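The values are calculated or read from the model by the stated rules, or taken from the named source; none is laboratory data. Nothing here was measured: the structure is a model prediction, and the numbers come from that model. For neighbour counting, all protein chains shown are included, and Cβ atoms are generated from backbone atoms with ideal geometry for every residue, glycine included.
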Amino acid sequence: MTPPRFTLIAGANGCGKTTLASDPSLFRDIPVLNPDAIGKTLQSSLQSTFPIAAARTVLNAAKDHIRRKESFAVETTLSGRGYLQMMRQARRSGFEIVLVYIGTEDVEINLARIKNRVLAGGHDVPEEDVRRRFGRSFANLPAAIKRADHSILFDNSTEDGYRLFAVIGATDHLWLRPPPHWAKDVAP
């Protein structure tokens, strides 16, 4: 029997998580828990507290999926320790853990994308939050890779789109291209 799968689609704000997660060919068979989408639905009723409420909603939904042993994916900046702990909990519950990580070379890329998103009617993220999460996300990446059964790493620094450069398994590592500078702490 195939174990349930917990997929983390991770990277700092503005790296391209939602765009990748929106690809129906990649995540059509499992629910993708996206705090930004949930926050948008809560925004009208909860005003300034909707980001916190959305994060709690996603965490509770993720815990429910783990309890029911149902496959799911979650978008996260990976800037805190909560999802690192959830990876352990899911593993103890028999889940296969997949990390899809998207990085960029410079936080300014992310800030420019967020600015463009806002101009197009999307949600904003305060600059200080983006800068703080950018560094924390990279700092948590090595631990997340160690806890995952499979890690798929993309660089999304250019307008050319996602550049797959590594697939990392428990025993096998496939480096398809030279890793970008931001991946120096996980590259061989």
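Within segment 175-188, can you find the residues that are of a type in the set (A, V, I, L, M, F, W, C) and part of a loop (DSSP other than H, G, I, E, B)? Spell out the reasoning first.
Kept after step one, since they are of a type in the set (A, V, I, L, M, F, W, C), are these residues of segment 175-188: 175-176, 182-183, 186-187.
If the condition is that a residue be of a type in the set (A, V, I, L, M, F, W, C) and part of a loop (DSSP other than H, G, I, E, B), then LEU176, VAL186, ALA187 are the ones that fit.
Look at GLY94 and say whether it is loosely packed, with under 14 Cβ neighbours inside 10 Å and assigned to a loop (DSSP other than H, G, I, E, B).
Values: loosely packed, with under 14 Cβ neighbours inside 10 Å: yes; assigned to a loop (DSSP other than H, G, I, E, B): yes.
Answer is yes for this residue.
Look through ALA12, ALA55 and report the one residue that is at pLDDT 90 or above, within 22 Å of GLN85 (Cβ to Cβ) and either in a helix (DSSP H, G or I) or touching a Ser or Thr at 6+ places or on another chain (Cβ under 9 Å) (or both). Break it down into steps so the answer makes sense when it comes.
On the way: ALA55 fails: at pLDDT 90 or above.
ALA12 is the lone residue from the list that is at pLDDT 90 or above, within 22 Å of GLN85 (Cβ to Cβ) and either in a helix (DSSP H, G or I) or touching a Ser or Thr at 6+ places or on another chain (Cβ under 9 Å) (or both).
So for segment 87-100 (the condition being under 25 Å from PRO31 (Cβ atoms) and either in contact with a Gly (Cβ under 6 Å, 6 or more places away or on another chain) or at pLDDT below 95 (or both)), does at least one residue qualify?
Here is the first cut: in segment 87-100, the residues under 25 Å from PRO31 (Cβ atoms) are 87-100.
After this cut, where a residue has to be either in contact with a Gly (Cβ under 6 Å, 6 or more places away or on another chain) or at pLDDT below 95 (or both) as well, the list is none.
Within segment 87-100, none of the residues are under 25 Å from PRO31 (Cβ atoms) and either in contact with a Gly (Cβ under 6 Å, 6 or more places away or on another chain) or at pLDDT below 95 (or both).
Which numbered condition in (1) crowded, with 16+ Cβ neighbours inside 10 Å; (2) among the hydrophobic types (A, V, I, L, M, F, W, C); (3) free of Cβ contacts under 8 Å to residues at least 12 places away in the same chain is the only one that ILE102 fails?
Every listed condition holds for ILE102 apart from (3).
Quick check: anything in segment 31-40 in a loop (DSSP other than H, G, I, E, B) and either farther than 24 Å from HIS150 by Cα or modelled with pLDDT under 95 (or both)? Before you say what the answer is, go through the steps one by one.
Just the residues of segment 31-40 that are in a loop (DSSP other than H, G, I, E, B), to begin with: 31, 34.
Cutting the leftovers down to either farther than 24 Å from HIS150 by Cα or modelled with pLDDT under 95 (or both) gives us 31, 34.
The answer is yes; a qualifying residue exists.
For residues that are assigned to a strand (DSSP E or B) and farther than 16 Å from ALA10 by Cβ, scanning just segment 124-174, find the one that is modelled with the highest pLDDT. Show your work before the answer.
Going through segment 124-174, the residues assigned to a strand (DSSP E or B) turn out to be 150-155, 163-169, 173-174.
Imposing the further condition that a residue be farther than 16 Å from ALA10 by Cβ reduces the set to 163, 169, 173-174.
Details: ARG163: 96, GLY169: 93, HIS173: 89, LEU174: 92.
Going through the qualifying residues, I end up with ARG163.
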